[in-house]
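A.B. asks: This structure is in structure tokens; I'll ask about it shortly.
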Amino acid sequence: YEPGLEKLIQENEKAGRLSFSTSLKEGMEKSKLFFIAVGTPESPNGEANMEYVYNVAKEIGNHLGRESVIVNKSTVPVGTASRVKAIIDKELEKRGEDIPFHVVSNPEFLKEGDAVHDFMRPDRVIIGTDSKYALDMLKQLYSPFTKNHDRLITMGMKEAELTKYAANAMLATKISFINEI
């Protein structure tokens, strides 16, 4: 539960700016910007379980129909964007298709219980890509949230993935420190 989220969803759904579907294929027919935002729970060996991310990448590859941008919002190990790209490439190859697409790492920095506020007024927006097309699309997407303060930081995909881990490690260090005090 996030305070303010239910109202925001209802208002935007009523205004026709937000819709829902359980069909990825249907959603992909109407869009060219896709966010992978799935859980990466811990595996029994302590590593991130990437099954859900990779399954979505495979499905995107199965249904991609035009030049698109695939944005990973999930917390993932460094190198995941390259793996997602390879999975989509493989699925397109199976279909005999040569459709351009761009993969972006765009980690989230939302606090539980304050996610709506954090999204609307971000401390930072990290965009990791090597594609001008994708960067321009995401700059346009985030412009309403970054126009009053330039908090948009661009870098490579691996660097963006590492930035999320660095932020999480810093937060854990601060919490451990204050608990010791």
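The values are calculated or read from the model by the stated rules, or taken from the named source; none is laboratory data. On a predicted model such as this, the values are computed, not experimentally measured, just so you know. With ideal geometry, Cβ positions are generated from the backbone for all residues, glycine too; neighbour counts draw on all protein chains shown. Just so you know, the surface numbers come from the protein's heavy atoms only, side chains and all, with ligands and any DNA or RNA stripped out. Shrake-Rupley method; radii C 1.70, N 1.55, O 1.52, S 1.80 Å.
A.B. asks: Add -39500 (n - 2.57) for each DSSP H run of 4 or more in the chain, then divide by its residues: what number comes out at 222 nm, to the nearest 500 deg cm²/dmol?
C.D. replies: -15500 deg cm²/dmol
A.B. asks: Determine the alpha carbon to alpha carbon distance for each of LYS32/LYS132; LYS90/LYS139; LYS73/LYS158; LYS58/LYS111 and list only those over 21 Å.
C.D. replies: Distance filter (> 21 Å) returns LYS90/LYS139; LYS58/LYS111.
A.B. asks: Restricting to bridges with both residues inside the chain, how much of the DSSP beta-bridge set is antiparallel, in percent to the nearest 5?
C.D. replies: Close to 15 percent.
A.B. asks: Continuing with the same structure: Hand me the trypsin sites (Lys or Arg not before Pro) from the range 128-158 located in a DSSP loop with no more than 15 other Cβ atoms within 10 Å, in residue order please.
C.D. replies: Here the sparse-neighbourhood loop sites are LYS147, ARG151.
A.B. asks: A further question on this structure: Would you mind telling me the share, in percent, of accessible area of the range 44-126 contributed by carbon and sulfur at probe 1.4 angstrom?
C.D. replies: The value for the range 44-126 is 47 percent carbon and sulfur by accessible area.
A.B. asks: Starting at the first residue of the range 23-29, write each ³J(HN,Hα) from the Karplus equation 6.51 cos²θ - 1.76 cosθ + 1.60 with θ = phi - 60°, in whole Hz, x for Gly and Pro.
C.D. replies: 9, 4, 4, 4, x, 6, 5
A.B. asks: Counting pairs of alpha carbon atoms under 8 Å apart in space and at least six apart in sequence, what relative contact order in percent does the chain give?
C.D. replies: The value is 20 percent.
A.B. asks: Which order do TYR165, TYR1, TYR142 take by accessible area at a 1.4 Å probe, largest first?
C.D. replies: Highest to lowest solvent-accessible surface, that is TYR1, TYR165, TYR142.
A.B. asks: Give a quick list of GluC sites (Glu not before Pro) in the range 103-181 that DSSP marks as loop, anything other than H, G, I, E or B, with at most 13 other Cβ atoms within 10 Å.
C.D. replies: Here the GluC sites (Glu not before Pro) that fit, given the DSSP loop and packing criteria, are GLU112.
A.B. asks: Same structure again: About its Cα centre, how strong a charge dipole does the chain have in debye, to the nearest 20, once Lys and Arg get +1 and Asp and Glu get -1 at the Cβ?
C.D. replies: Result for the chain is approximately 440 debye, rounded to the nearest 20.
A.B. asks: Whole-Hz ³J(HN,Hα) for each residue in the range 15-22, computed from phi via Karplus 6.51 cos²θ - 1.76 cosθ + 1.60 with θ = phi - 60°, x for glycine and proline: what do you get?
C.D. replies: 7, x, 8, 9, 9, 10, 8, 9
A.B. asks: Right, something else. Kindly write out, for the range 104-115 in residue order, the coupling ³J(HN,Hα) from the Karplus curve 6.51 cos²θ - 1.76 cosθ + 1.60 (θ = phi - 60°), rounded to whole Hz, with x marking Gly and Pro.
C.D. replies: 10, 9, 9, x, 9, 10, 9, 8, 4, x, 9, 5
A.B. asks: Which of the trypsin sites (Lys or Arg not before Pro) across the range 42-124 are loop residues per DSSP, with 11 or fewer other Cβ within 10 Å?
C.D. replies: Answer by residue number: ARG66, LYS111.
A.B. asks: Set the Förster radius R0 to 22 Å, insert the Cβ-Cβ distance between ILE9 and ARG124 as r into 1/(1 + (r/R0)^6), and round the FRET efficiency to 0.05.
C.D. replies: With a Förster radius of 22 Å, E is 0.35.
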